[in-house]
Structures are given as C-alpha cells and as structure tokens.
Amino acid sequence: MDIKAYIASGILEQYVIGALSEKEMAEVEQMMLQYDEVKKEVEAIEAGYETLTRAYAAKAPVSEEEILNYVRKTPGNTAIPSESKLSKWWPLLPVFGLGILTVSFYFSLDQTKQELEKANKKYAVQNKVCAETSRENVLLKERLFYIISPESRVVLLKGTDLAKNAYATVVVNKDQSNIYLASNGLPAPPSGKQYQLWALKDGNPIDMGVFDVSNSELIEKPGIPGAQAYAITLEKTGGSPKPTLEQMYVMGS
C-alpha cells in the first residue's frame, strides 16, 4: 500500500466532511487503525477544518467589492496601498472560496436529501397501489371460482312490467351463506332513491340491504339460507322495512 498516494488522493478530506459511503467510511477507519500516518493526517485535516470554521464564523463575510475598494483606495487619497497592505487581504481569499464551496456542498446535500425523500414517498405510493391491486386480483379470483363452482347457482332476475328491459343476476352458493349480485342491468335510480334487494322465503320478503348500481363490480351480500327467490325494488335512500311492490323492478327464482 502506497500510504503517501492514499493520503494525496483526497479521500481523507471526503471522510472528514462525511462525503463518503458507509463502506468507504469504514475502509478509511480501518486504514487509520492500521497506519499511524493516515490517522495523523485525518486529525490534522479535522483540526484545520475546525480552525477554519471558527475563523470563518467569527468574521463577517467580506465582499469582493470591499476588498477591491480597500486595494484601490485609502482614506483621503486614491493611491494603491503598499504590497504589505495587499498581502493582508490575499490570504483571506482562499478562506472565502472554501466557505462558498462548503455552503454550496451543504445546499447540494440538502437538495439531494429532499429528492431522496420525494423518491421514497413515490416508491411508498407505488407499493401501496401494487398491494391494493394484488388484493383486488385475489378478490376477483375468489369471485370467479365462486361463480364457476358447480356448487353455485345463478339466478336471473327478469324485469317486471315496470321495467321490462331491466335485469340483474344473483349467484348463490350451496349453503346460501353469501351471494353475489350483478346490478349492471338496472337503470340508474333517480335522485333520492336507492335499490333494495329482497330474499323471498316461504312467501315472506327478507331485507338484504340497499346497494348502488355498479357496471363493473359484483356486490357481495350475506345470504339467506332457504331463500326461494330474489327481488329488487326501488326505495327511498337508505331503504325500507317493507318492499314497495309497485316499485319492484326485477324478480327471479
């Protein structure tokens, strides 16, 4: 290992300001443990930066215009100051330059962090969308298997005289523990109205709840064991305890 070349590479300065990756930081620390010259160089760089930082913080920033004014003018005349006066200012120029570079570096680092946070948020949103899509796919598969199962029964609800072209479909499993309703054959209800599904058992209507018409989704409802037929009426929003027979749109068994 050429220690002098390693020190001259600039990696130690990057280590001190924290500009290295975790792996590179660990490698420098390992080199410090193995080589005393590397350790001393790091300590010297840290001490230099600390001194520079204190000096830079203790003095108000001096603009280029102020330096040039000082060089070009002295009180009471326009004579150019002596070389000794000029030399008072020139050593400060690298300090200001390094200060500007340091500020620029931290602004760039902060911008990078903000961009990383935005990317992480976007990634989280995409993950959420993927998870939701995956859940929807699982539900679709379950519904498909439910519908094509030989133990399921499809009941077509045909339109009454009130709406002869209307229709709906109910898919019932063997034990009637739950059903799926396809409502895409129903006309859109008027404002303030909502469709309500009924199961008919031994001649008595049993409320199965209101629903909104969907052209793309199956509506899942708890089943009514022993139900012999199904009907849909148009009721006021929220439903009715008893079906309005004059507003029965479809029925089937």
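Overview of values
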| quantity | calculated |
| --- | --- |
| Count of residues meeting criterion [within 14 Å of Gln194 (Cβ to Cβ) and part of a loop (DSSP other than H, G, I, E, B)] in the range 216-240 | 4 |
| Subset tally (residues that are under 14 Å from Ser183 (Cα atoms) and under 44 Å from the mean Cα position of the chain (by Cα)) for the range 232-253 | 3 |
| Criterion: of a type in the set (A, V, I, L, M, F, W, C) and modelled with pLDDT under 60 - qualifying residue of Val62, Val42, Val28, Val16 | Val62 |
| Any hit, the range 161-177, residues being of a type in the set (Gly, Ala, Ser), surrounded by 16 or more Cβ atoms within 10 Å (Cβ to Cβ), in a strand (DSSP E or B) and in contact (Cβ under 8 Å) with a residue 40 or more places away in the chain | yes |
| Residue check for Ala26: over 44 Å from the mean Cα position of the chain (by Cα), part of a helix (DSSP H, G or I) and either exposed (fewer than 13 other Cβ atoms within 10 Å of the Cβ) or touching a residue at least 24 places away in the same chain (Cβ under 8 Å) (or both) | no |
| Residues of the range 194-215 satisfying the condition of being touching a residue at least 12 places away in the same chain (Cβ under 8 Å) and part of a loop (DSSP other than H, G, I, E, B) | Asp202, Asp212, Val213, Ser214, Asn215 |
| Residue selected from the range 1-23 under the condition assigned to a helix (DSSP H, G or I) and among the small types (Gly, Ala, Ser), by the criterion surrounded by the fewest Cβ atoms within 10 Å (Cβ to Cβ) | Ala5 |
| Tally, over the range 29-49, of residues that are β-branched (Val, Ile, Thr) and either surrounded by fewer than 14 Cβ atoms within 10 Å (Cβ to Cβ) or within 40 Å of the chain's Cα centre (by Cα) (or both) | 0 |
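The rows are residues; the columns are (1) surrounded by fewer than 10 Cβ atoms within 10 Å (Cβ to Cβ); (2) polar (S, T, N, Q); (3) modelled with pLDDT of 80 or more.
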| residue | (1), (2), (3) |
| --- | --- |
| Gln111 | no, yes, no |
| Glu117 | no, no, yes |
| Lys121 | no, no, yes |
| Lys128 | no, no, no |
| Asn137 | no, yes, no |
| Arg143 | no, no, no |
| Tyr146 | no, no, no |
| Pro150 | yes, no, no |
| Val154 | no, no, yes |
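The values are calculated or read from the model by the stated rules, or taken from the named source; none is laboratory data. Here the structure is a predicted model, which is why all the values come from computation and not from measurement. Quick reminder, even Gly has a Cβ in these numbers, built from the backbone with ideal geometry, and neighbours come from all protein chains shown.
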